[in-house]
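Undergrad: Questions regarding the structure given below will be posed in turn.
Only the coordinates and a few stated rules stand behind these numbers; no lab work does. These figures come from a predicted structure and were not determined experimentally. Note that each Cβ is placed from the backbone with ideal geometry, even for glycine, and that neighbours are counted across all protein chains shown.
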Amino acid sequence: MGHLLLVRINKALFSGVFLAFAVFIGALLPKFAFAAGIADHFVFPLNPWVGNTIQHGEEFSAGLYHVGTDAGFGQPEGTPVYAVANGVVKESQERSGFGLVVLIEHTLPESAGGNTIVSVYGHLSVGNNMVSPGQEVSVGQQIGVLGNTTEAGSARPHIHFGIHKSAYTGVWVYYGHVSDLALIDDWYDPAVFIPEHAVVDDRGPKIRLKHLRRSMVVHDVMNMDVRVKDKTSGVASVVVKLLNKHKHHSQVIQAINPVETPDIPISYDMLEKKNGRWYIRIIATDKVGNTQRKTIPVFKNSTRVTALPPVL
Ligand SMILES: [Zn+2]
């Protein structure tokens, strides 16, 4: 009976620990899943992006206005076509006069408006369908190849590339041209949009210890000024006060009264490494979910508190 009870307690303890761990991991997951799918930078669907003929908004035939850019003329059938940003495939199917058409939905980072858009890749090879609806793709990932003359709508192999301004609804609105001039406004001009959203930000913020006020050590309080710089989130500064509670015994250091800017959440914790030195670990996350950590030595473990030079 006692043995059984012990087993039960152990099981309960184990499941408690497991639950706590699961909650901890669960708290981390949404941020990373979010970061993976965000369209934080764009590339052109062909590399190199050459052979542009019909531009966005051009009246290429009487009363018909092009929505998107035709490019790749002069490139052979079979030329690789790439996803222009991180996103989710919504359609990949043959359409009359359009060859294989791939639609990819993208969510822009908050810094770029946070809205959801759809990129359209037309005249691809039906026999080389490389993606399917629901599939997550990364920026620069090959999604197909240029189709033949028939698939190119009786023209030389090329891509029709458009960027629709709203989220995918399942309704087919992804024509290569419109007759109603007002509908052009539903589309971005790829020649403008792609270069504007080409900024690469796949790195976390840069964390620097800007200033360590030694004078404060006399009063057993030290101000630590941490400056964080990030491409998409801007600049943030945080002041962490380090309080040395028990000067003559073991050193207990608390980080109090942090001043944060909301664009870059900053957290910190104190660590004591084996060599007896105190360190503070600064953790900063940018708008697209990239996290950077920096461990900075703060005090030497002696009866007199000594500020160490910052390691940058
Ligand atoms: Zn076109």
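Undergrad: Taking only C-alpha pairs under 8 Å that are 6+ residues apart, what is the relative contact order of the range 59-196 in percent?
TA: Values: 330 pairs, mean separation 44.7, N = 138.
Relative CO of the range 59-196 lands at 32 percent.
Undergrad: Something else: Would you mind ranking MET224, MET270 by Cβ crowding within 10 Å, fewest neighbours first?
TA: Least to most surrounded, the residues fall as MET270, MET224.
Undergrad: Within the set of other residues whose C-beta is less than 15 Å from the C-beta of SER154, count the net charge using Lys and Arg as +1 and Asp and Glu as -1.
TA: Numbers: positive: ARG95, ARG156; negative: ASP70, GLU77, GLU151.
After counting each charged neighbour, the total is -1.
Undergrad: Given a cut-off of under 8 Å on Cα pairs at least six residues apart, what relative contact order in percent is computed for the range 108-176? Present the calculation step by step, with values, prior to reporting the outcome.
TA: Working: 88 pairs, mean separation 27.9, N = 69.
Result for the range 108-176 is 40 percent.
Undergrad: OK, next. Let me know the shape class of the range 59-196, please: from the alpha-carbon gyration tensor, a ≥ b ≥ c as square roots of the eigenvalues, rounded when a/c is under 1.5, otherwise prolate if a/b is greater than b/c, or oblate.
TA: oblate
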